[in-house]
Amino acid sequence: MIHLYNTLTRHKEELKPIHEGKIGMYSCGPTVYWFAHIGNMRSFLFADVLRRTLELNGYEVKQVMNITDVGHLTGDTDEGEDKMIVAMKREGKSAYEIAEFYTGAFKKDLEALNIKPANIYPKATDHIAEQIEMIEALEKNGFTYQTGDGVYFDTSKLTDYGRLSGQKSQEKLAGARVDMGEKRNVTDFALWKFSAPGSDRDMEWESPWGKGFPGWHIECSAMSLKYLDVPFDIHTGGVDHIAVHHENEIAQTMGAEGVLEANIWMHNEFLTVDNGRMAKSLGNIYTVDELVAKGYDPLAYRYFVLGGHYRSKLNFTFEALHAAQNALRKLRETIRSWKTPGTIGCADLENEFLAALNDDLGTPQALAVVWKLIDVDLPTEVKAKTLLWMDRVLGLRFEETLGHALDVPQEIQQLVDAREEARKQKDWSHSDELRARISELGYSVEDTDQGPQIKQL
Ligand code: AMP
Ligand code: ZN
């Protein structure tokens, strides 16, 4: 039995798939106007762990992740400029070139963090017709009105608008600093925006209402309908999507199709820096490439993220990342000497591991079970079998080190040999210098009865 926390009902619920043995899952993807930062990647790591957990339980998962390449405004609501246009001006390239470049960078990050690719990555700009069709359905069902700058969804027409965030329209109004313009209700949002006269957009399309571009939210409703059908099982995203983006997705699908878009809505909490959100607009971001440039293994970041529960804030520091990297290295070092996996694993620890994950993705508890496995007194072929099974969710690529002696780079081997020579000559200070150099390069050397033993730090 799998229990997952559903933001919609505010309860942990037992997962009851719509189609036996199968799960349809939609994950809100990146806006490809800049490099994804490691906070964004937390969201995709969370979706990956969820998907892998479902697969470990035997489900066949179809995961769809959208690529937002138009319509996401800097204000997240209907204010500000399209983020793609901001990037166009910054880089002097076309919006399509920007989208292609950052989509490529995003996929490289996924690979580095060993996040399984989604089955489909639909782009918003490839689905303009589907979005127009959905807006037409909304229009037909009486949920839209037109203003001078676009077509809007009238949230007052939907009785249970606001059920995901639990916020009433009036409450939003109280905290809002939005310019209402011609909007009828503060929560109303754009489905289609008209290109401003003389605007330099290179992403605009004809529509029944006039030339323009889709609002940000409609892409997810239209593309989830196309690729998963509605309702589907699980929708994921970061907590910042609850109040606006997902609320509006629910409204659109309900208005056009008359059903709830997805049964379970799951949201990851933020990665924080100094306990404030990591966000590009706050200038406190790091990318995966930046971590690598500082000498970190991207999988150390994966390990770090697994160490927190997805519904808790996780504060990023380099000390914490360092500790994660050390823990991962210790695991790798330990399993180098293990025998190749046998046919039988340790059922008790496998059950404990699965129970932790099936209880709303308890990854910190699951990692604790990994350390229990390291310490337990069992033949290493049994432990190896279990560790690789666990790694189907952990995704730490243990198969690359398990049973493989360390491949010592030539440069390190030469330094170690030189140190042996210095030791023979009793030149202790030179020997110490060489040890320090070896450690700077990320290795340690221990003197044993069998000679120097080299480890990766
Ligand atoms: P975006 O590219 O802005 O559409 O964001 C991609 C995903 O990252 C969304 O699911 C966001 O909710 C999520 N996200 C943004 N900032 C953070 C953060 N600091 N920590 C965790 N998730 C985040
Ligand atoms: Zn979305």
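The values are calculated or read from the model by the stated rules, or taken from the named source; none is laboratory data. Just so it is clear, the model here is predicted, and its values are computed rather than measured. Every residue, glycine as well, gets a Cβ built from its backbone with ideal geometry; the counts of neighbours run over all protein chains shown. Surface accessibility is based on the protein's heavy atoms, side chains included, excluding ligands, DNA and RNA. Shrake-Rupley method; radii C 1.70, N 1.55, O 1.52, S 1.80 Å.
Data overview
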read-out	value
Selected residue (only one of K62, K108 is open to solvent by 20 Å² or more (accessible area, probe 1.4 Å), farther than 23 Å from Y227 by Cβ, outside any loop (DSSP other than H, G, I, E, B) and at pLDDT 95 or above)	K108
Any hit, region 212-220, residues being within 23 Å of the chain's Cα centre (by Cα), surrounded by 24 or more Cβ atoms within 10 Å (Cβ to Cβ) and within 17 Å of G162 (Cβ to Cβ)	yes
Looking only at region 111-126, and only at residues there that are part of a helix (DSSP H, G or I) and open to solvent by 10 Å² or more (accessible area, probe 1.4 Å), the one that is nearest to V70 (Cα to Cα)	T125
Total residues in region 245-278, condition closer than 21 Å to F189 by Cβ and touching a helix residue (DSSP H, G or I) at 6+ places or on another chain (Cβ under 9 Å)	18
Where P231 falls short, out of the listed (1) in the same structural domain as L158 (by TED's automatic domain parsing); (2) away from ligand 2 (no atom under 13 Å from the Cβ); (3) within 27 Å of M84 (Cβ to Cβ); (4) open to solvent by 20 Å² or more (accessible area, probe 1.4 Å)	(3)
Residue in region 365-374 that is closer than 18 Å to E55 by Cβ and not assigned by TED's automatic domain parsing to the domain that holds V49 present	yes
Complete set of residues in region 187-211 that are in contact with a Lys or Arg (Cβ under 8 Å, 6 or more places away or on another chain) and either among the β-branched types (V, I, T) or open to solvent by less than 10 Å² (accessible area, probe 1.4 Å) (or both)	T187
Looking only at region 308-331, and only at residues there that are touching a residue at least 60 places away in the same chain (Cβ under 8 Å) and in contact with an Asp or Glu (Cβ under 8 Å, 6 or more places away or on another chain), the one that is nearest to P379 (Cα to Cα)	L328
Any hit, region 296-309, residues being at pLDDT 95 or above and in contact with a strand residue (DSSP E or B) (Cβ under 6 Å, 6 or more places away or on another chain)	yes
Selection count where residues are over 16 Å from G451 (Cα atoms) and either surrounded by 16 or more Cβ atoms within 10 Å (Cβ to Cβ) or of a type in the set (D, E) (or both), scope region 417-433	3
Subset tally (residues that are more than 30 Å from F101 (Cβ to Cβ), assigned to a strand (DSSP E or B) and polar (S, T, N, Q)) for region 1-54	1
Complete set of residues in region 234-263 that are closer than 27 Å to E20 by Cβ, away from ligand 2 (no atom under 13 Å from the Cβ) and open to solvent by less than 10 Å² (accessible area, probe 1.4 Å)	I234
Residues being surrounded by fewer than 16 Cβ atoms within 10 Å (Cβ to Cβ) and of a type outside the set (A, V, I, L, M) - total across region 360-372	4
Residue tally, condition open to solvent by less than 50 Å² (accessible area, probe 1.4 Å) and either part of a helix (DSSP H, G or I) or at positive phi (or both), over region 437-457	3
Elements of type helices (runs of 4 or more DSSP H) in region 290-365, at least 2 residues being under 17 Å from the mean Cα position of the chain (by Cα)	298-306
Any chance A137 is closer than 24 Å to S224 by Cα, more than 16 Å from ligand 2 (Cβ to nearest atom), of a type in the set (A, V, I, L, M) and open to solvent by 40 Å² or more (accessible area, probe 1.4 Å)	no
Residue within region 227-234 that is in contact (Cβ under 8 Å) with a residue 24 or more places away in the chain and at positive phi present	yes
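Residue-wise test of (1) more than 20 Å from E269 (Cβ to Cβ); (2) away from ligand 2 (no atom under 16 Å from the Cβ).
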site: F35; (1), (2): yes, yes
site: L45; (1), (2): no, yes
site: E55; (1), (2): yes, yes
site: G58; (1), (2): yes, yes
site: M65; (1), (2): no, no
site: V70; (1), (2): yes, no
site: T74; (1), (2): yes, yes
site: G92; (1), (2): yes, yes
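Listed here are the residues, each with its yes/no results for (1) in the same structural domain as M25 (by TED's automatic domain parsing); (2) modelled with pLDDT of 95 or more; (3) over 24 Å from G29 (Cβ atoms).
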| residue | (1), (2), (3) |
| --- | --- |
| P117 | yes, yes, no |
| I120 | yes, yes, no |
| E130 | yes, yes, no |
| I135 | yes, yes, no |
| N141 | yes, yes, yes |
| G166 | yes, no, yes |
| G175 | yes, no, yes |
| D179 | yes, no, yes |
